[in-house]
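Novice: Have a look at this one.
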Amino acid sequence: MIKVLHIVTAFPRSDDEDSMTPWLISLLRGLERRGVKNTVFAPSYKGLGNQTVFGIDVRRYRYFFRKYEDLTHDEATPVRLSRKPWYLLWVPFMLISGRRALKKLLKEEHFDIVHIHWPIPMAFVGAPAFDKLPVVFRFYSAEIVLAKRYPKIFSFFLKKYINKADAISANSSYTASLIKNFRRDVEVIPDVNFFPNVTPKFAEPLNNNPKKILFVGRIVERKGVKYLIRAMPKVLSRIDAELIVVGSGAILDELKSTAQDIGVSEKVHFTGVIPADEKEQYYKNCDVFVLPACFDRHGDTEGLGVVLLEALSYGKPVIASAVGGIVDIVKDGHSGLLVPEKDPDALAEAIIRVLTDKELYIKLAKDGYEYAIQKFSPSVVEKAIVDVYEALLKK
């Protein structure tokens with residue numbers, strides 16, 4: 001059995017309260033089935049201590065006063081820092097406390113490999129493992145984009161730590177491209193995705209009206225949901241349809257106002273955060289899934305777009321913006337349709353095309369499902385990670 005310590009910025013606080021990083025939970029549980037014993041090392045949240053979450057051992061370290069110990073969780077740290085820059089004052093406490101706690105943990109327990117997720121900034125926390133244990137870095141794009149807002153610090157940090165890693169992976173070709181200047185080989189291993197134990201029928205659009213257009217994700221600027229809402233008047237001029245927005249986030253009220261202002265509020269439904277089984281029903285019952293992602297004002301976008309894989313796994317055709325890691329998943333005209341970012345007209349035309357062309361609908365659903373299974377299924381991703389671990393232990 002390979003014992004791996006995963007260093008992360010945040011990890012779910014219970015089996016049912018958090019919707020964050022579902023792909024990481026899926027990965028770790030899959031690795032366990034392949035003979036990997038995982039321990040997660042993560043910052044505390046408002047005094048939270050060690051736990052077992054989804055059957056995974058989680059070691060949490062304290063870094064601030066309980067009331068203010070909320071730099072991580074609830075929302076992605078880069079998003080929080082962008083909205084509330086004063087949280088940068090918390091960062092040194094989180095990093096220094098984490099480094100001290102890790103040093104103590106490594107003295108008390110044996111691990112075969114240390115896997116550092118979001119190496120900016122968690123490589124600083126993981127420093128006690130360098131030159132003592134094999135270390136894997138895994139990048140997800142958002143942390144690199146945030147760091148590039150401070151280029152001198154970013155360059156210094158990566159130059160200092162990137163050569164300490166024994167192996168480096170990224171969740172998409174886009175993420176890998178962000179660190180190409182540091183002359184390290186980067187293996188692209190996508191985020192693992194949950195595939196339901198069902199075989200889609202790849203039928204034509206469901207015989208229901210209105211047609212159901214689905215979005216699932218955090219309601220933040222880079223998801224581009226406002227452009228999807230602005231596409232609805234054109235869609236509704238041709239098709240009886242409704243848009244279902246599943247998720248919550250910082251700009252939810254703004255999006256509701258947008259729907260109201262352009263006269264489509266009766267056709268746009270916001271569910272907020274919902275349980276997994278309810279979300280599954282939305283995937284099953286939708287006609288098309290849309291991820292209208294874009295580059296936000298800070299230059300951040302989708303590192304991969306795991307929700308697209310979720311939709312494809314249910315045999316649904318997908319439409320998405322041609323940005324970030326999305327292009328690894330959506331091959332235009334094959335596994336989905338790609339449109340330019342921030343273009344409501346293009347989104348509307350793609351939605352209308354998919355929902356009115358039965359032959360195209362079935363082709364995209366079938367080819368997309370097969371492509372997702374071939375390239376992104378849990379067995380493929382888990383094996384790639386285990387191969388990295390085994391190669392390092394043979395050195």
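What follows is calculated from the coordinates using simple rules that are stated; it is not laboratory data. What you see is a predicted model, and the numbers here were worked out from it, not measured in a lab. All Cβ positions, even for glycine, are placed from backbone atoms using ideal geometry, and neighbour counts span all protein chains on display.
Novice: Over the chain, with a Gaussian network built from C-alpha contacts below 10 Å, which listed residue (R60, R218, R183) shows the highest mean-square fluctuation?
Specialist: Looking only at R60, R218, R183, the largest GNM fluctuation is found for R183.
Novice: Turning to a different aspect of this structure: Measure nothing fancy, just the Cα-based angle from helix 358-376's long axis to the longest principal axis of the chain, in degrees from 0 to 90, nearest 10.
Specialist: It is inclined by approximately 10 degrees.
Novice: Which of I179, I351 comes first, and how do the rest follow, when ranked by fewest Cβ neighbours within 10 Å? The partial results should precede the final answer.
Specialist: Numbers: I179 20, I351 28.
Fewest to most other Cβ atoms nearby, the residues stand as I179, I351.
Novice: About its Cα centre, what dipole magnitude does the chain give when the only charges are +1 on Lys and Arg Cβ and -1 on Asp and Glu Cβ, stated in debye to the nearest 20? All intermediate terms of the calculation are to be shown ahead of the outcome.
Specialist: Working: 57 positive and 48 negative charges, 331 e Å.
Here the chain has a charge dipole of around 1580 debye.
Novice: Give me, ordered by chain and number, the residues 5 or more places off H115 or on other chains with an amide H under 5 Å from its own placed amide H.
Specialist: L5, H6, I7, V136
Novice: Enumerate the calculated ³J(HN,Hα) couplings along the stretch 304-319 in order (Karplus 6.51 cos²θ - 1.76 cosθ + 1.60, θ = phi - 60°), each rounded to whole Hz, writing x wherever the residue is Gly or Pro.
Specialist: 8, x, 4, 4, 5, 5, 4, 5, 4, 5, 8, x, 9, x, 10, 10
Novice: Now for a separate question. Roughly how big is the stretch 124-246's charge dipole about its Cα centre, with Cβ charges of +1 (Lys, Arg) and -1 (Asp, Glu), in debye to the nearest 20? All intermediate terms of the calculation are to be shown ahead of the outcome.
Specialist: Working: 21 positive and 10 negative charges, 115 e Å.
In debye, rounded to 20, the stretch 124-246 gives about 560.
Novice: When E143, E266 are ordered from fewest to most other Cβ atoms inside 10 Å of their Cβ, what list results?
Specialist: E266, E143
Novice: Calculate, in nm to one decimal, what D345 and K152 gain on full extension: separation in residues at 0.36 nm each, minus their alpha carbon distance. All intermediate terms of the calculation are to be shown ahead of the outcome.
Specialist: On the way: separation 193, 0.36 × 193 = 69.48 nm, distance 3.96 nm.
In short, 65.5 nm is gained.
Novice: Which of these, P292, P119, P196, has the largest mean-square fluctuation under a Gaussian network model of the chain (Cα springs below 10 Å)?
Specialist: With Cα springs under 10 Å in the chain, the top fluctuation among P292, P119, P196 is at P196.
Novice: Could you tell me which label, among (i) 124; (ii) 132; (iii) 151, carries the value of volume of the Cα convex hull per residue in Å³ calculated for this structure?
Specialist: (ii)
Novice: Also: Which whole-number percentage describes the relative contact order of the chain, with Cα contacts under 8 Å and a sequence gap of 6 or more? Before the final figure, lay out each step's value.
Specialist: Values: 751 pairs, mean separation 57.9, N = 395.
Relative contact order for the chain comes out at 15 percent.
Novice: Here's something else I'd like to know. For the Cα atoms of the chain, what angle does the longest principal axis make with the long axis of helix 151-161, in degrees from 0 to 90, nearest 10?
Specialist: Roughly 50 degrees between the two axes.
Novice: Oh, and also: Using +1 at the Cβ of each Lys and Arg and -1 at the Cβ of each Asp and Glu in the chain, identify which of V268, F130, A241 lies farthest towards the dipole's positive end.
Specialist: F130
Novice: May I ask for the angle, rounded to the nearest 10°, between helix 225-236 and the longest principal axis of the chain, with both axes built from Cα atoms and the value confined to 0 to 90°?
Specialist: Approximately 10 degrees, to the nearest ten.
Novice: Going toward the positive end of the dipole of the chain, with +1 on Lys and Arg Cβ and -1 on Asp and Glu Cβ, which of F64, P340, Y140 do you reach last?
Specialist: It is F64.
Novice: Roughly how many nanometres apart are two label points built 7 Å out from the Cα toward the Cβ at Q281 and K3?
Specialist: 4.5 nm
Novice: So what is the relative contact order of the stretch 211-375, in percent, for Cα pairs below 8 Å that sit 6 or more residues apart? Each step should come with its number before you reach the end.
Specialist: Values: 318 pairs, mean separation 40.9, N = 165.
Relative contact order here is 25 percent.
Novice: A further question follows. Using unit Cβ charges (K, R positive; D, E negative) and no other charged atoms, how large, in debye to the nearest 20, is the dipole of the stretch 211-375 about its Cα centre?
Specialist: Working: 22 positive and 25 negative charges, 39 e Å.
So the dipole magnitude of the stretch 211-375 works out to roughly 180 debye.
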